[in-house]
1. If I ask for residues that are basic (Lys, Arg) and under 20 Å from Leu210 (Cα atoms), which ones from segment 154-193 would you list?
2. For segment 242-269, give me each residue that is under 23 Å from Ala387 (Cβ atoms) and among the polar types (S, T, N, Q).
3. Look at segment 180-216 and say how many of its residues are closer than 16 Å to Arg152 by Cβ and hydroxyl-bearing (Ser, Thr, Tyr).
4. Of everything in segment 198-232, what is outside any strand (DSSP E or B), surrounded by 12 or more Cβ atoms within 10 Å (Cβ to Cβ), modelled with pLDDT of 85 or more and not polar (S, T, N, Q)? Give them in sequence order.
5. Only one residue in Pro117, Pro104 is crowded, with 17+ Cβ neighbours inside 10 Å and at pLDDT below 80, so which one is that?
6. I need the strands (runs of 3 or more DSSP E) fully contained in segment 270-387, keeping only those with at least 1 residues that are modelled with pLDDT of 65 or more, closer than 29 Å to Gly425 by Cα and under 60 Å from the mean Cα position of the chain (by Cα).
7. Is it true that some residue in segment 57-64 is β-branched (Val, Ile, Thr) and free of Cβ contacts under 8 Å to residues at least 40 places away in the same chain?
8. Please specify each residue of segment 22-32 satisfying the condition of being open to solvent by 60 Å² or more (accessible area, probe 1.4 Å) and either at pLDDT below 75 or under 9 Å from Met480 (Cβ atoms) (or both).
Amino acid sequence: MALQLQESFNTLAHRFNELPAAKKMTLAAAVAASIALIFGLFLWSSAPEYKVLFSNLSERDAGTVSTTLQQMNVVYKTEANGTLMVPADQVYDLRFKLAAQGIPRGGAVGFELMDSPKLGMTQFQEQLAFQRGLEGELARTIQSLAPVESARVHLAIPKPSVFIRDKQAPSSSVLVNLYPGRALDPGQVQSIVHLVSSSVPELSPNSVTLVDQAGNLLTAKNDGQSKLGLNASQLEYTKEMESYYVQRIEAIVAPIVGAGNVKAEVRADLDFSEDEATSESWKPNPKPENQSIRSQQTVDDSNNAGNQAQGVPGALTNQPPGPATAPLTAPAGANAGPNTGAAGQGGNSSRKENTVNFELDKTIRHVKASQGRIKRLSVAVVVNHRAAAKDPAGKAGKPTPLSAQEMTQINSLVKETMGFNQPRGDTVNVVNAAFTESKEELDIPLWKDPDNVSLAKDLLKNLIIFGLAFYLVFGVLRPMLRELVKPPEPPAGGGAAAGEGAVEGVLGEDGVLYGPDGKAVAAPVDTYGEILAKVREFAKASPKLTAEIAKEWMTKE
């Protein structure tokens with residue numbers, strides 16, 4: 001095998017040396033071009049496909065992203081309008097990594113617009129630059145919140161007027177782009193609204209509109225709330241109350257019928273009115289022994305002045321008595337003692353007062369009804385049919401309805417779970433029906449499916465490479481090599497050689513000599529292999545003569 005390859009190579013080299021110089025250059029250029037083209041196709045097929053990582057970046061964000069990519073040893077390409085291209089298989093991974101670092105932050109322009117004022121700016125241009133700077137500063141401030149990825153602020157500031165009737169209030173609209181899976185709570189929404197309204201003179205919070213990237217309105221207007229009589233917190237409380245009862249009902253019924261086989265809906269009518277009442281009442285007077293004494297007052301006044309001096313105090317009272325005189329006629333009882341008269345003139349006085357105050361049985365009641373009282377609950381429950389067991393062949397049977405006893409049990413459980421109150425007007429409706437399984441599949445055309453598009457691109461690329469390589473090998477190189485290894489044509493007269501024993505005809509590729517009529521001559525000539533073997537035998541037998549012949553050929557050329 002090695003000998004045959006060596007002979008083939010020697011034959012090709014011999015034929016190539018016999019070619020003219022122009023043909024040698026053409027053949028060498030064709031081979032070089034074919035090799036270069038095949039190598040270029042290989043590089044093109046192995047080169048990664050680039051996709052857009054970020055577009056419309058500001059110069060600052062583009063510099064930050066490119067520096068980070070260099071630190072991560074990622075190959076990237078830059079294009080116009082702040083577009084960065086990276087390998088397609090690294091796009092989403094790089095976006096996640098850069099987002100974790102807070103890159104890019106957005107290209108909002110702030111008050112740095114006022115740092116370099118231009119000469120000749122009009123008042124309108126100055127006002128416009130100030131408004132752009134204020135919008136950019138507000139956007140930067142809103143972007144500092146954790147759930148916000150980027151933000152844009154639009155201010156509608158009317159031109160001031162000296163007439164009150166022509167005065168217009170400013171307004172503002174804010175668009176926030178939130179990170180995936182993040183949301184703004186009501187407190188953060190109000191913070192953004194008041195932040196914007198506090199930054200613009202005479203801007204009311206009701207004139208600020210906040211919208212997310214999906215077009216959802218995050219701010220609620222008070223006008224609609226006053227007409228409905230409910231505010232956002234009351235509506236949210238109603239939804240939470242309904243969801244609470246739905247979860248309780250599904251949690252108690254699901255173990256009986258299986259998860260996913262029960263659906264519940266609850267409508268709650270709540271009373272958010274606020275009532276206050278104050279009442280004061282007294283009970284009839286009870287018995288004294290059952291009463292409580294509040295206060296008691298007792299007065300006891302007693303006066304006994306028979307043996308005491310009487311009269312008006314003074315000088316006359318303090319004088320000694322005068323001389324005694326004997327009356328002419330002694331009165332009755334003259335023999336009585338000296339103090340008898342005084343004793344007869346004395347007397348006793350006494351006064352008693354007793355005041356008792358009892359506590360009154362008084363009741364004061366102040367009642368304030370809480371808001372959000374349940375006025376009525378309406379519950380609707382749908383229970384799926386029970387799935388039938390599979391038959392021995394593995395096919396599922398037809399679902400069967402629940403029995404009346406099972407439905408009664410489920411109805412009782414629902415009533416107990418919701419706190420059924422008939423006087424309040426609560427209603428419960430439990431229905432057993434077969435669920436319809438809806439399998440909605442998105443009908444995406446084959447030419448729009450990303451996987452099919454990527455597969456088609458790779459297949460087309462490989463087909464182009466294979467087609468070009470096939471054409472170069474079998475359409476360019478093979479004909480050239482055939483032309484190169486083709487044996488020289490015999491002389492015009494035909495025959496194997498001009499000399500004795502020559503036979504007229506044409507030598508074919510199979511080594512057979514064909515006559516002028518196209519038929520093979522009976523005596524075939526020697527083939528190329530036989531001639532080469534004879535030459536080798538001659539070279540071995542006469543090496544010196546062979547060397548002389550080779551020198552003569554080289555001298556002639």
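The values are calculated or read from the model by the stated rules, or taken from the named source; none is laboratory data. As the structure is a computational prediction, the values presented were derived from the model and not from experiment. For neighbour counting, all protein chains shown are included, and Cβ atoms are generated from backbone atoms with ideal geometry for every residue, glycine included. These area figures cover heavy atoms from the full protein model, side chains too; ligands, DNA and RNA do not enter into them. Shrake-Rupley method; radii C 1.70, N 1.55, O 1.52, S 1.80 Å.
1. Restricting attention to segment 154-193, the residues satisfying the condition of being basic (Lys, Arg) are 159, 165, 167, 182.
Arg182, the sole residue that qualifies.
2. Listed by number, the list holds a single entry, Asn261.
3. 2
4. Selection gives Val200, Glu202, Leu203, Pro205, Leu218.
5. Details: Pro117 fails: crowded, with 17+ Cβ neighbours inside 10 Å.
Testing whether each residue is crowded, with 17+ Cβ neighbours inside 10 Å and at pLDDT below 80 leaves just Pro104.
6. Numbers: elements: 276-282, 293-304, 348-358, 362-368, 373-383.
Hits in segment 270-387: 276-282, 362-368, 373-383.
7. First pass over segment 57-64, keeping only residues β-branched (Val, Ile, Thr): 64.
Next cut, free of Cβ contacts under 8 Å to residues at least 40 places away in the same chain only: none.
No - not one qualifying residue is present in segment 57-64.
8. Ala22, Lys23, Thr26
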